[in-house]
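Worksheet for the structure shown next.
Please treat every number below as a calculation from the coordinates, not as lab data. In this text, all values refer to a predicted model and were calculated from it rather than measured experimentally. Cβ: placed from backbone, ideal geometry, glycine included. Neighbour counts: every protein chain shown.
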């Protein structure tokens with residue numbers, strides 16, 4: 001698997017001026033993209049990141065926010081940092097805000113302005129694209145594209161794959 005330390009150091013320098021410290025490891029038993037243990041250890045799932053390698057940087061950034069807010073979960077401070085980082089990275093806030101379990105997405109949404117696609121397990125209500133505006137803006141509200149069905153195995157790895165369901 002890829003070495004996590006260089007990516008951690010790059011994100012740490014970019015967003016926290018090098019102040020964060022953590023032990024990093026891959027954990028093949030994880031049933032989600034990653035987690036932060038006791039505010040000092042970050043573990044990531046190799047299975048998840050083999051399916052979605054583009055999520056590695058976002059997952060690591062998500063877990064690094066937990067280092068800053070270890071007792072808060074996904075509270076106000078976590079969400080503020082997630083918004084700031086998502087905007088700086090040019091991705092939708094939801095891509096960093098939500099924990100990604102190691103289960104298939106059920107829904108696909110798209111930003112009407114920039115076209116960014118996001119996969120979710122839950123339906124979105126009143127969410128707009130953080131890439132287009134860091135605050136909620138109805139002009140950039142995500143539009144429902146499709147629902148994935150259990151037999152859409154291709155959808156797990158490729159959100160653009162056509163549905164196999166008749």
Completion exercise
Label model pair residue 17, residue 79: point-to-point distance (7 angstrom along the Cα→beta-carbon line) in nm is 2.7 nm
Fill in the blank from the handout: In degrees, nearest 10, the alpha-carbon axis of helix 76-89 is tilted away from the dominant principal axis of the alpha carbons of the chain by 70 degrees
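How high is the relative contact order of the chain, in percent, counting Cα pairs under 8 Å that sit 6 or more residues apart? It would help to have the intermediate numbers written out before the result.
Values: 268 pairs, mean separation 26.6, N = 166.
Relative contact order comes out at 16 percent.
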Handout entry: Calculated [θ] (222 nm, deg cm²/dmol) that DSSP helices of n ≥ 4 give over the chain, each run adding -39,500 (n - 2.57)
Key = -9500 deg cm²/dmol
Practice task
For the chain, find the longest principal axis of its Cα atoms and tell me its angle to the long axis of helix 56-68, 0 to 90°, nearest 10.
Solution key: 50 degrees
Practice task
Inverting the mean 1/r over all pairs of different Cα atoms, compute the Kirkwood radius of the chain and quote it in Å.
Solution key: 16.5 Å
Practice task
For the stretch 1-66, state the semi-axes of the equivalent ellipsoid (square roots of 5 times the eigenvalues of the alpha-carbon gyration tensor), sorted largest first and rounded to whole angstrom.
Solution key: 19, 13, 9
